[in-house]
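Only one structure is covered here, and it is reproduced in the block below.
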Amino acid sequence: MKRRTFLGGTIAAAVVGRTSGVVAEQPPVKIGMSMAQTGGLAGGGKASQLGIEIWRDDVNAKGGLLGRKVELIVYDDKSSASETPAIYSKLLDVDKVDLLFAPYATVPTAPLMPLVKQRGLLLMGNFSFQVNSKVGHDMWFNNAPWGPADSWAAAFLDLGQKAGGKTMALLAADQEFAQNLAVTAKAVAKKLNMSVVFDQSYPPNTVEFSGILRALNAAKPDIVYVASYPPDSAGILRAVNEIGIGDNVKIFGGGMVGLQFAAVMENLGSLLNGVVNYNTWLPEPNMYFDGTKAFFDAYTPRAKEAKVDPLGYYLAPFGYASGQLVEQAIKAVGSLDQKAIAKYLHANEVKTIVGPIAFSADGERKETATLMAQFRGVKDKNVEQFRSPGKQVILFPERLKSGELVTPFEAART
């Protein structure tokens with residue numbers, strides 16, 4: 001377990017032998033976390049951590065929190081749920097941190113929920129999905145824009161229904177996250193009186209999707225909802241490119257993980273065109289709030305130097321927003337009392353670089369800010385094109401919308 005301590009952009013060094021005439025500095029406010037630096041989640045973990053580090057540097061430049069510098073203590077959890085309980089126990093019992101930020105993603109975070117609830121500690125979540133649904137901890141706050149559990153499926157299927165869709169095909173990886181999305185999609189379809197004409201789960205190690213796509217096409221669905229992981233997402237889109245999907249399909253996509261990351265987007269290029277998929281932040285006109293542009297101006301050169309996602313849209317600004325949430329709460333309550341911080345976050349809307357955030361009782365967003373966006377006019381092998389508006393047109397939510405759905409899917413692919 002390797003500890004990395006980050007204070008004001010440099011590795012903190014213990015200062016000894018101060019003369020009696022020098023007033024001792026206030027101890028730093030320690031924020032502890034694990035973050036995937038290696039393993040399958042590392043690409044996202046590194047971008048998320050960089051966002052948090054930029055906030056740390058900004059808040060320290062303004063004098064810190066309560067007049068104390070902010071120090072980040074970070075361990076690599078190797079993208080593994082088996083690592084996180086021991087790391088967070090060490091952060092609390094050995095490093096004596098003042099606050100905890102969660103690791104990136106659902107699987108490494110889930111084992112921490114009983115620990116923080118038992119100890120009565122605040123935990124700032126980091127893009128987990130429904131990890132608090134069974135534990136019911138009232139000091140959990142997720143930085144992700146998900147909102148209610150069925151919001152992804154509801155937004156996507158509503159778009160499909162408005163385009164004339166009456167039947168749905170469901171294609172989902174046989175993994176917990178994707179299956180949760182599939183369950184909510186079926187529940188939403190039932191509410192909308194939409195029949196499910198194809199329902200297929202596939203093993204996580206599937207690499208060939210041609211047979212599945214042919215069976216899906218035979219069902220002639222109007223809407224195709226896909227809940228997939230990055231390798232699957234690429235394989236599915238390559239199969240669609242090879243086989244086609246049928247002129248009857250009004251809308252395709254929804255819950256495809258991976259299409260938010262620069263490397264995947266650059267690799268797939270024009271195969272993305274027409275896909276409608278979830279996202280979190282995009283460079284469309286209504287997505288800029290106070291400090292958003294300044295954040296990305298700082299992120300871009302640092303990401304290049306650190307060799308992390310050069311765009312950083314999906315995770316990095318939300319890491320920064322996590323810092324803003326605790327910063328504003330601490331300033332408002334005037335202390336590091338975690339119960340008081342939690343009470344403030346439940347009662348108040350907080351302005352951040354990703355927009356205003358208000359929490360419901362379960363620590364998720366009161367109102368979803370998850371985007372549904374359609375890829376348009378994407379060219380091959382050009383990551384820089386995604387910095388411009390118009391390549392991912394926001395269709396939902398209404399307040400952030402930047403265009404209308406192009407349908408049917410086959411027409412939108414050109």
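The values are calculated or read from the model by the stated rules, or taken from the named source; none is laboratory data. This is a predicted model, so every value here is computed, not measured. Methodologically, a virtual Cβ is constructed for each residue, glycine included, from the backbone with ideal geometry; neighbour enumeration extends over all protein chains shown. Ligands, DNA and RNA are stripped out before the accessible areas are found, and what is left, the full protein with its side chains, is counted by its heavy atoms. Shrake-Rupley method; radii C 1.70, N 1.55, O 1.52, S 1.80 Å.
Pairs of alpha carbons in the stretch 263-414 separated by more than 23 Å make up 45% of all such pairs.
Scattering from the chain was approximated by placing one identical point on each alpha carbon and applying the Debye formula without solvent; log10 I(q)/I(0) at 0.09 1/Å stands at -0.55. The stretch between TYR229 and GLU305, if pulled fully straight at 0.36 nm per residue, gains 24.6 nm over its current Cα-Cα span. Taking the stretch 276-316 and a reference point 7 angstrom along Cα→Cβ of SER360, no backbone N atom is nearer than 15 Å.
Ignoring aspartates and glutamates fewer than eight residues from LYS96 along the same chain, the ones with Cα atoms less than 13 angstrom from its Cα are GLU71. Listed cross-link partners LYS46/LYS351; LYS191/LYS401; LYS250/LYS366; LYS62/LYS351; LYS166/LYS191 are compared with a 20 Å cut-off, the Cα-Cα value being larger for LYS46/LYS351; LYS191/LYS401; LYS250/LYS366.
Here is how the number arises for the chain: DSSP H runs of 4 or more residues each give -39500 (n - 2.57), the sum is divided by the residue count, and the result at 222 nm is -10500 deg cm²/dmol.
Scaled against the 2.2 N^0.38 Å expected of a compact globular protein of N residues, the Cα radius of gyration of the stretch 50-95 reads 1.42. In straight-distance terms, cross-link reach from LYS293 covers every one of the aspartates and glutamates whose alpha-carbon lies under 16 Å from its own, apart from those fewer than eight places away in the same chain; here that gives ASP58, GLU284.
Summarising the label geometry, the points placed 7 Å from Cα in the beta-carbon direction at ASP380 and LYS62 lie 4.7 nm from one another. With a 10 Å cut-off between alpha carbons and a GNM built on the chain, which of ILE243, ILE394, ILE54 moves the most? Largest GNM mean-square fluctuation: ILE243. Looking at the stretch 279-356, the accessible area is 43 square angstrom per residue; that uses a 1.4 Å probe and ignores ligands, DNA and RNA. Once the chain from LYS220 to LYS331 is taken as fully extended at 0.36 nm per residue, the excess over their C-alpha distance is 34.3 nm. Taking the Cα centre of the chain as origin and assigning +1 to Lys and Arg Cβ atoms and -1 to Asp and Glu Cβ atoms, the resulting dipole is close to 400 debye. For the chain, which whole percent of the accessible surface, found with a 1.4 angstrom probe, sits on carbon and sulfur atoms? That fraction is 53 percent. Peptides 377-384, 332-339, 296-303, 230-237 ranked from most to least packed by the mean count of surrounding Cβ atoms within 10 Å: 230-237, 296-303, 332-339, 377-384.
Note on LYS351 and SER388: the model spin-label points, each 7 Å out from Cα along the C-beta direction, lie 3.2 nm apart. Of the residues TYR88, PHE101, MET113, the one whose Cα sits farthest toward the positive end of the charge dipole of the stretch 37-142, with +1 on the Cβ of Lys and Arg and -1 on the Cβ of Asp and Glu, is MET113.
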